[in-house]
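Read the structure below first, then the notes.
The values are calculated or read from the model by the stated rules, or taken from the named source; none is laboratory data. What you see is a predicted model; the values in this text were computed from it and never measured. Glycine gets a Cβ as well: all are built from the backbone with ideal geometry, and neighbour counts include every protein chain shown. Each accessible area value is taken on the protein alone, full model and side chains, heavy atoms only, with ligands, DNA and RNA left out. Shrake-Rupley method; radii C 1.70, N 1.55, O 1.52, S 1.80 Å.
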Amino acid sequence: MPASDEQNIAVIGAGIVGISSALYLQKAGFAVTLIDRDEPGHGATFGNAAALAPHAFVPINSPSIPRRLLPLLFASGSPLSIDWGYAPRMLPWLLSFLSHCTPAEVTRIAQAMHALLSRNLDYAWPLFRESGADRLMRGGGYLHLYESESAYRASAGEVALYKQLAGDVEEIDAAEIRRLEPNLAQVFVRALYFHSALHYLSTVDVCATLVKHFCAQGGRFLRDEVRTLEARLDGRIRVAGTQESVYDQAVLAAGAQARRLFGSAVEKLPLETERGYHIMFGGQAGIISRTCSSATAGFAMTPMATGLRCAGMVELAGLDKAPNPACHAYLDRTAKRFLPGITESPSSSWMGFRPSMPDALPVIGRSARSANIILAFGHQHVGMSSGCVTGAIVADIAAGRTPPIDITPFSPARF
C-alpha cells in the first residue's frame, strides 16, 4: 500500500519499537496515531539494562541449556526462576525453546539478529538527533565479564560468534578490566570489550523526547488500552478500546501485551514473557563508566542519570503474578558482590515483561490473517538495541518498499 497523506495508520504500543515505527511511518508520509495505555516508554522499555548493544545477537538459547536446566531451576541464587503453577501453560513454548538450543540453530539465530542489530545505529541516530534525544546517550562501550577461565572456556561457542560477527570486539585481561573499571571487585579474569556499544541515561526520557518530536511533526499520541483489533470487509482495521477508530493499516508493537490481542484478526503466535527485574542505587551513577555484564550471573549494571541500574533475571511466570521479592534480593546480592563499594539498600525496584519468542527472533511482518496488520514484537532482551531499525522496517512494509535487510527470519509465517 503506497504511503500518502491520505493513508492513516495506528501503532499500538509506545515502547521503543512502536515509537520508532511511528516516527518512520511519519517520515514515509502516513498520518500516524500512536496508542498506549500508559505514557511512552513505561513497559519493558522502561526497565531494561539500558544498553544499546549492537553485539547482543547471541541468543539465550545456548546449547548448554538442556544439561544446565535443572541446576538453573533448583539452585539457590540462580538467575532463572519459574512459577510451577504457570509452567504447564508454558510447556509448548519451553519445548520449542529447547529445540532451538542446538549449535546450528544458535548460529542461524545469531546471524539473523546480527543483521538486525548491526543496522540499528543507522536508524537510531537520525531519530535521536532530530528530536534531541542524543543528549541522553553515552558511549564508552560494553564489558562482558568472566569470573574464571573455566567459565570463559565453557562459553567458547558464544565467544566464537562474537569474534566472527562483531567487528568491534576486543578480548581483555584482568589488568585492563581494573584499568577501565577500578571499582569492580577483582573477581573477573577476562572480558570481551565491545567498543561501539552505547547506553541510555534514561530510557523513559528518550521515549518521551521522541514522542514529543513525533507530536510536533503532526503525529497523534492517544492514551487508551486497545482491547480489539478487527479486520473489516473492506480491509481496513477497526481499533477499539474506550475509544474506537478505523485505520487503513495498524501496527501491533505492544510487546508482551500483544498476546492479549491475538484473535480473529491476528493469528495466535508463541509469544511468552520472560519477566525481568531491576534495582536502582541512587547516587551511584559514577561507580562504573559503561554497561558491565556478567557472563554467568544473568546480570548487567549501567550508570544512568538517576543512579546505577542493576538488571537481570529470567522469571517464567506470565503476565499476572505479582513481582517476586527473591528476584530483587538476588540482584541486590549480586550487585554488592561485583561492586563492594555499594553498601546501601536499593533506592527503587521494578519488574516488567520481556516479549519472547521461543527461537529468540522477533516477529516482524504482515499478519497472515489480516494483510493490513503489521506485527512487530518479540524482541526479548534486545528491544533497546533493535527498536529503531525495526521501526524503519515497519515503515517500509507499510509503504510497500523493500526493507534494508532480509526479514525472512522474522516472518510470522515461520510458526
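If you go through segment 279-333 and keep only what is in a strand (DSSP E or B) and farther than 23 Å from residue 159 by Cβ, you end up with 279, 280, 281, 303, 304, 307, 308, 309, 310, 313, 315, 316. Just wondering, is there one or more residues in segment 179-186 that are out of contact with any strand residue (DSSP E or B) (no Cβ under 9 Å at 6 or more places or on another chain), open to solvent by less than 50 Å² (accessible area, probe 1.4 Å) and among the small types (Gly, Ala, Ser)? Yes, segment 179-186 has at least one match.
What do you reckon, is residue 72 in contact with a helix residue (DSSP H, G or I) (Cβ under 9 Å, 6 or more places away or on another chain) and either more than 26 Å from residue 323 (Cβ to Cβ) or at pLDDT 95 or above (or both)? No: the conditions fail for residue 72. Every test in (1) on the phi < 0 side of the Ramachandran plot; (2) open to solvent by less than 50 Å² (accessible area, probe 1.4 Å); (3) not hydroxyl-bearing (Ser, Thr, Tyr) is passed by residue 235 save one, and that test is (1). The combined condition, being open to solvent by 20 Å² or more (accessible area, probe 1.4 Å) and closer than 26 Å to residue 60 by Cα, is fulfilled by residue 351.
Which one is least open to solvent (accessible area, probe 1.4 Å), of the residues in segment 267-294 that are without any contact (Cβ under 8 Å) to a residue 24 or more places away in the chain and out of contact with any strand residue (DSSP E or B) (no Cβ under 6 Å at 6 or more places or on another chain)? Even if it seems obvious, please write down each step before you answer.
Looking only at segment 267-294, we keep the residues that are without any contact (Cβ under 8 Å) to a residue 24 or more places away in the chain, and these are 268, 285-286.
Those still in the list that are out of contact with any strand residue (DSSP E or B) (no Cβ under 6 Å at 6 or more places or on another chain) too: 268, 286.
Numbers: 268: 176, 286: 70 Å².
Only one residue fits best here, namely 286.
From the residues in segment 100-134 that are touching a residue at least 40 places away in the same chain (Cβ under 8 Å) and of a type in the set (D, E, K, R), which one is farthest from residue 216 (Cα to Cα)? So, considering only residues that are touching a residue at least 40 places away in the same chain (Cβ under 8 Å) and of a type in the set (D, E, K, R), the one farthest from residue 216 (Cα to Cα) is 105.
Among the residues making up segment 368-395, those that are open to solvent by 20 Å² or more (accessible area, probe 1.4 Å) and either in contact with a Gly (Cβ under 7 Å, 6 or more places away or on another chain) or farther than 21 Å from residue 56 by Cα (or both) are 368, 369, 371, 372.
Cβ-Cβ contacts under 7 Å between residues 6 or more apart (or on different chains), taken from a first residue in segment 179-208 that is without any contact (Cβ under 8 Å) to a residue 40 or more places away in the chain to a second residue that is not acidic (Asp, Glu), are listed as 186/178.
Figure legend. Inter-residue proximity from segment 396-412: first residues closer than 13 Å to residue 376 by Cα and outside any loop (DSSP other than H, G, I, E, B), second residues open to solvent by 40 Å² or more (accessible area, probe 1.4 Å) and hydroxyl-bearing (Ser, Thr, Tyr), beta-carbon distance below 9 Å, spacing 6+ or different chains. Indicated pairs: 396/402.
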